[in-house]
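Peer 1: Take this structure first; my questions come after.
The values are calculated or read from the model by the stated rules, or taken from the named source; none is laboratory data. Bear in mind the structure is a predicted one, so any value in this text is a computation, not a measurement. Note: ideal-geometry Cβ built from the backbone for every residue, glycine included; neighbour counts use all protein chains shown. Side chains included, ligands, DNA and RNA excluded: accessible areas come from the protein's heavy atoms. Shrake-Rupley method; radii C 1.70, N 1.55, O 1.52, S 1.80 Å.
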Amino acid sequence: MVKHQPLQVYERQLCLSCITGIYGCRWKRYQRSHDDTTKWELLWSFVLLFTFGLLLLWSYFWWEAHNDYSEYNWFLYNRSGEWSDGTAPIVASTAAGFTYITFLMVLALCHVAVGQQLNLHWLHKIGVTAALLTTVVGLISVTQTWGYEWDVVPISLQATGPFLHIGAVAAVTALSWIAAGQVARAEKTIFQVVVVLLYFSVLLALYMVPLYITSPCIMDPSNLKSRPEVIGHQGASMLAPENTMWSFQRALQMNVTGLETDVTISLDGVPFLMHDATLRRTTDVQKVFPERQWEDASSFNWTDLRLLNTGHWFLKDDPFGTVQTLSPHEKQLIGNQTVCSLEQLLKLASFNNCTVVFKLGRPPPEHPSHYSWINDTLQAVLKSGIQQSLVFWTPEEERAEVRKMAPGLVQTSLVKPETPETLQREGISAMLLRYNQATTQEIGALSQNNINLTLYTVNEPWLYSVLWCSGVSSVSSEAPHILKKVPYPIWLMKPDEYCVLWVSMDLVSFAVVIAIFIFQKYRSSGIHSYNPEQIMLSAAVRRASRDVNVMKEKLIFSEVENGVTSSEELYMNNGYNYYTNQGIGQ
């Protein structure tokens, strides 16, 4: 009786099949290969890595630019004439693309870790190319149209830099398993040297990164200045329609110390609050005056302006996604809002003893107030009865005349000077700048010269914390209800504490890396037997016709009978089994 027993049995490797199958559609054992990756596939691996790097930067940019989403949407509105949340599709597509490319990167690293040949499927190559081109187009578009927003990246690194560094060190330390494995398996000494030098160069450079990390939040807590005052930017415009009385009242409920707005002058000389050049976005002018919807806001007289509703658009467009959080009573109040005059705002501020800062827009040349716009606005301020020290006056034109007529006004500049001394010589005691226009050093210099600096628009707690640590006097925010919940900087660390954390992390990382390299070397040298996986034949049997798939796997059987050993080789070709029996005499 002949008895067949397998000497070598292939176990199912579900995890490996999934890795090679998803990455390169190599689901079968015979399709996989331990051969060196071809130069063409190496090129695609570098393309994948480059795409991952760009998408990482792109994703980080949009994550941190959340502070300015409303600004970007307003920018799109000025170009298209229609309001929409343009950031939503960008963020969604970026998240999807980054997830997809990161998944492919993980699969590629798994291939390298198990010694499998890289062979990215053509569908994935199309996906990688699409992601790369889309990201490049996005980067170019943002640079050309919203270029100053890139400043948010270095500013945000002041808050995230130390923690991103820790994550980067952890990631590179984990990659030592793959690097050590490559060195242990490599047969060429030159390859081993290159891998070791490249890996440790990256690792040591990463260890030194904290030397270049600067953050105002790395400081002695005893030097932390008082909490920056919060000014309501157009009121509490995340919770109520901007530049309306209800918006300012909501901001005052959040304990703001001031209110910021934009002022335009009506056809009959009444200063009123309006941010845009036209009334289309924030009023129902299309319904009340459809033939005049594209006219400049200053071309309407005050009587016509009072007929417009300034709350319905907020409930309809929900620009900040907060309408669902409002009570029915709040929605009713919002639905009844009308255009607000500067005098109304000043009286509200005077009653609550809070400051007011506004930007004044000059009417077009054909406007009756084109030459009297400064005087008309100043008269409205004086008529309101507000204490002059509560009003921050920003127009540069006729500043000397204004100072004579109202010496108590706080003269404020919207332009960054060369030196703080320049402002003092001009009698200016306050500044209003966008948050990216002042560095930590400049904030300190202005503070030393008693210049009250207000930075806008600050909505995110991380940005508020960084500016707080920098020593800024006050910030203007669309979200005072959020900043109200920030009683202390998100994080604050003494320089010595950060140094200990940095050095300790580097030492632990280096010890782990050395241990992994030693283990991989020991593990590799301990393998003396032939690896069964290496009898697998190369994946694709390359023939002229793609219809022919030939699978070759060898099973060795032992036949034991009367002291005679027999082996059979099993070949499978297109679904047919062929057996060859071979007797070996003892």
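Peer 1: Nearest-5 percent of antiparallel DSSP beta bridges in the chain?
Peer 2: Percentage antiparallel, nearest 5: 45.
Peer 1: Note the angle between two axes, namely the Cα long axis of helix 122-145 and the longest principal axis of the Cα atoms of the chain, as a number of degrees from 0 to 90, rounded to the nearest 10.
Peer 2: 20 degrees
Peer 1: Let me ask something additional. State the Cα centre-to-centre distance between the range 171-187 and the range 138-154 in whole Å.
Peer 2: Centre-to-centre (Cα) distance: 37 Å.
Peer 1: Something else about it: Could you tell me which of rounded, prolate or oblate describes the chain, using a ≥ b ≥ c as the square roots of the eigenvalues of the alpha-carbon gyration tensor, with rounded for a/c under 1.5 and, failing that, prolate when a/b is larger than b/c and oblate otherwise?
Peer 2: Verdict is prolate for the chain.
Peer 1: Just want to confirm a number: the relative contact order over the chain, from Cα pairs under 8 angstrom separated by 6+ residues, in percent.
Peer 2: RCO, the chain: 18 percent.
Peer 1: Averaged per residue, what accessible area in Å² does the chain show with a 1.4 Å probe, protein chains only?
Peer 2: I get 52 Å² per residue for this part.
Peer 1: Sticking with this structure for a sec: Please go through the residue pairs Lys287/Lys416; Lys347/Lys404; Lys125/Lys316 and name each one whose alpha carbons sit more than 31 Å apart in this structure.
Peer 2: Cα-Cα > 31 Å for Lys287/Lys416; Lys125/Lys316; rest within.
Peer 1: Could you point to the residue in Leu432, Val391, Thr303 farthest towards the positive end of the range 301-436's charge dipole, with +1 and -1 charges on the Cβ of Lys/Arg and Asp/Glu respectively?
Peer 2: Farthest along the dipole direction, towards plus: Val391.
Peer 1: For the range 321-335, in order, what is each residue's ³J(HN,Hα) by Karplus, 6.51 cos²θ - 1.76 cosθ + 1.60 with θ = phi - 60°, in whole Hz (x at glycine and Pro)?
Peer 2: Using θ = phi - 60°, the values come out as x, 10, 4, 5, 8, 7, 7, x, 5, 5, 5, 5, 4, 4, x Hz.
Peer 1: Please identify every one of the trypsin sites (Lys or Arg not before Pro) in the range 215-300 that sits in a loop by DSSP and has no more than 15 other beta carbons within 10 Å of its own beta carbon.
Peer 2: Here the trypsin sites (Lys or Arg not before Pro) that fit, given the DSSP loop and packing criteria, are Lys225.
Peer 1: Another question, if that's okay. With θ set to phi - 60° and the Karplus curve 6.51 cos²θ - 1.76 cosθ + 1.60, what are the ³J(HN,Hα) couplings of the range 57-69 in order, to the nearest whole Hz, using x for Gly and Pro?
Peer 2: 5, 4, 5, 5, 4, 6, 5, 7, 6, 3, 4, 10, 4
Peer 1: Where does the chain land at 222 nm, in deg cm²/dmol rounded to the nearest 500, when only DSSP H runs of n ≥ 4 count, each adding -39500 (n - 2.57), divided by all residues?
Peer 2: Counting only the DSSP helices, I get -15000 deg cm²/dmol.
Peer 1: For the range 120-163, restrict the atom set to alpha-carbon positions and state the Rg and Dmax in Å.
Peer 2: 15.2, 41
Peer 1: Right, another one. Could you please state, rounded to a whole Å, how far the C-alpha centre of the range 73-137 is from the C-alpha centre of the range 329-356?
Peer 2: So the two Cα centres are separated by 45 Å.
Peer 1: Taking amide H positions as placed 1.01 Å from N in the peptide plane, with prolines and chain starts having none, which residues 5 or more places from Asn309, or on another chain, fall under 5 Å of its amide H?
Peer 2: Distant-sequence amide H within range of Asn309: Asp284.
Peer 1: Using amide H atoms built in the peptide plane, which far-off residues or other-chain residues are under 5 Å from Leu259 H to H?
Peer 2: The answer is Gly232, Thr355, Val356, Val357.
Peer 1: Now, a different point. Using the Karplus curve 6.51 cos²θ - 1.76 cosθ + 1.60 with θ = phi - 60°, work out ³J(HN,Hα) for each residue of the range 368-378 in order, rounded to whole Hz, and write x for Gly and Pro.
Peer 2: For the range 368-378, the Karplus curve yields x, 9, 4, 9, 9, 4, 5, 5, 4, 5, 5 Hz.
Peer 1: In terms of modelled amide H atoms, which long-range or inter-chain residues lie less than 5 Å from the amide H of Glu478?
Peer 2: Close amide H contacts, sequence-distant or interchain: His233, Val458.
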